[in-house]
Amino acid sequence: MTAINLLDFDLEGLAAFCEQLGEKRFRATQLFRWIHQRGASDFEQMTDLAKSLRGKLAGVAQVQGLPVIAQHMSADGTIKWLFGVGDGNAVEAVFIPEDDRGTLCVSSQAGCAVGCRFCSTGHQGFSRNLSTGEIVAQLWFAEHFLRKHLGREDRVISNVVMMGMGEPLQNYSALVPALRTMLDDNAYGLSRRRVTVSTSGVVPMMDRLAQDCPVALAVSLHAPNDALRDDLVPLNRKYPIEELLAACKRYLAHAPRDFITFEYCMLDGVNDSDAHAQQLIEQVRRQDVSCKFNLIPFNPFPASGLLRSPAARVQAFARVLADSGIVTTVRKTRGDDIDAACGQLAGDVKDRTRAADRMAQRRTVMMQRADASANQPA
């Protein structure tokens, strides 16, 4: 019989598992603390558990993390881990140290099915969803590795952002128990304000998350109108901007923060003009969405056919938004010397969906349409 991985359980799930073994709920709390607060994987280390329970667990359960394929440390202190998830697939997690926080960027899928043009992970295609245990294992490993590495006993990771590989809301059933483990005071004790789910706009799941486990929300917007966003973020064809912003407005009624963060990747000559900024202002005002914008310098890769906006253009774009009263920041690029910056997490995921070919074909069609339009008589 395959042993059950206890990283797959939030506290409620672990309590139900312990009840099946004939144990009381407080035993699940003890076990949960050993696993997550102390990083223990050997049941014999858990000395305040009854010997009989340790014997039961040894026969049916395990605490199984992910194998580390590679670890890279950036000159700026950023650390990237590549974890194996079987069948030749790998996912990445990135730790970003700051003076006042330590942020871990966590993956939710091996690859991604959304296929955003500016994201190298999307160009790799989609392999599979991660389990709850595989999501939590990234935090479990990173937290306890960093404590040893830095010689600290207190918590190192203060923030988690679900901004690694994959679209979190397309792996909803595994995501929510993982979030609950991150938030639980018997595990990592993170604040809802310090756990962020980033989505490209899966509207029905945004509404469910607001009810089931509201945490901070970041929305990958990247364009001010549907025509452009259809090209950059294909999911927009299913959930266009007006519908997406209405969902953001609904989410705010439950969110731990009083604003939605809009992520906006700055692409030279594509979405970075002052006119684009004005369109964004009009969109969020029309829907009355309290928000801040996080402008992201694009990290180029050959298959994208896109370039990073010049720094002066990014600053000018930011001024237009800020002058309208919208809080606007420009994300500092971290870890780009180890390919750990935003949009660079591609790992070794196989291109099972021939995503690169499909996106190249889409660009060819768009260029042909543009040429045809230019050649039409006035």
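Points to keep in mind about this one:
- With Rh defined as the Kirkwood radius, the inverse of the mean 1/r over Cα pairs, the Rg/Rh of the chain is 1.00.
- Cβ-based net charge around residue 198, under 11 Å, with every Lys or Arg adding one and every Asp or Glu removing one: -2
- Straight-line cross-link reach from residue 51 at under 22 Å between alpha-carbon atoms covers these lysines, not counting any fewer than eight positions away in the same chain: 24.
- Under 5 Å, built H, 5+ apart or other chain: amide partners of residue 268: 307, 308, 309
- Ranked by the mean number of other Cβ atoms within 10 Å of their residues, highest first, the peptides 60-73, 180-193 come out as 180-193, 60-73.
- Karplus (6.51, -1.76, 1.60) ³J(HN,Hα), θ = phi - 60°, over region 25-38, in Hz, Gly and Pro reported as x: 4, 4, 5, 5, 5, 4, 5, 4, 5, 4, 5, 8, 7, 9
- Karplus (6.51, -1.76, 1.60) ³J(HN,Hα), θ = phi - 60°, over region 190-205, in Hz, Gly and Pro reported as x: 7, 6, 4, 6, 10, 10, 10, 9, 9, 9, 7, x, 7, 4, x, 6
- Site pair residue 292 and residue 60 shows an inter-label distance of 4.7 nm when each label is modelled 7 Å from Cα along Cα→Cβ.
- Computed extension length for residue 274-residue 98: 60.2 nm, one decimal, from 0.36 nm per residue of separation with the Cα-Cα distance subtracted.
- Longest exposed-site-free window of the chain, the sites being GluC sites (Glu not before Pro) in a DSSP loop that have at most 14 other C-beta atoms within 10 Å: 154-378
- Beta bridge orientation in the chain: antiparallel %, DSSP, nearest 5: 45 percent
- Relative to the longest principal axis of the Cα atoms of the chain, the long axis of helix 51-60 lies at roughly 50 degrees.
- In the chain, helices alone account for a calculated mean residue ellipticity at 222 nm of -12000 deg cm²/dmol, with every DSSP H run of four or more residues adding -39,500 (n - 2.57).
- Sorted into 10 angstrom bins from 0, the C-alpha pair distances of region 1-93 split as 15, 41, 24, 17, 3, 0 percent.
- All lysines inside 23 Å of residue 292 as judged from Cα atoms, apart from same-chain residues fewer than 8 positions distant: 249, 332
- Karplus-derived 3J(HN,Hα) values for region 228-241, using 6.51 cos²θ - 1.76 cosθ + 1.60 with θ = phi - 60°, are 6, 5, 4, 7, 7, 10, x, 4, 4, 5, 8, 10, x, 4 Hz; glycine and proline are entered as x.
- Ordered by the number of other Cβ atoms lying within 10 Å of each residue's own Cβ, fewest first, 284, 91 fall into the sequence 284, 91.
- Cross-link partners for residue 56 among the aspartates and glutamates, with Cα-Cα distance under 17 Å and sequence neighbours closer than 8 places in the same chain left out: 19, 23, 42, 44, 48.
Throughout, read-outs are computed from the coordinates displayed, never taken from laboratory work. None of the values given here were measured: they were computed from a predicted structure. Please note: Cβ atoms are built from the backbone with ideal geometry, for glycine as well, and neighbour counts cover all protein chains shown.
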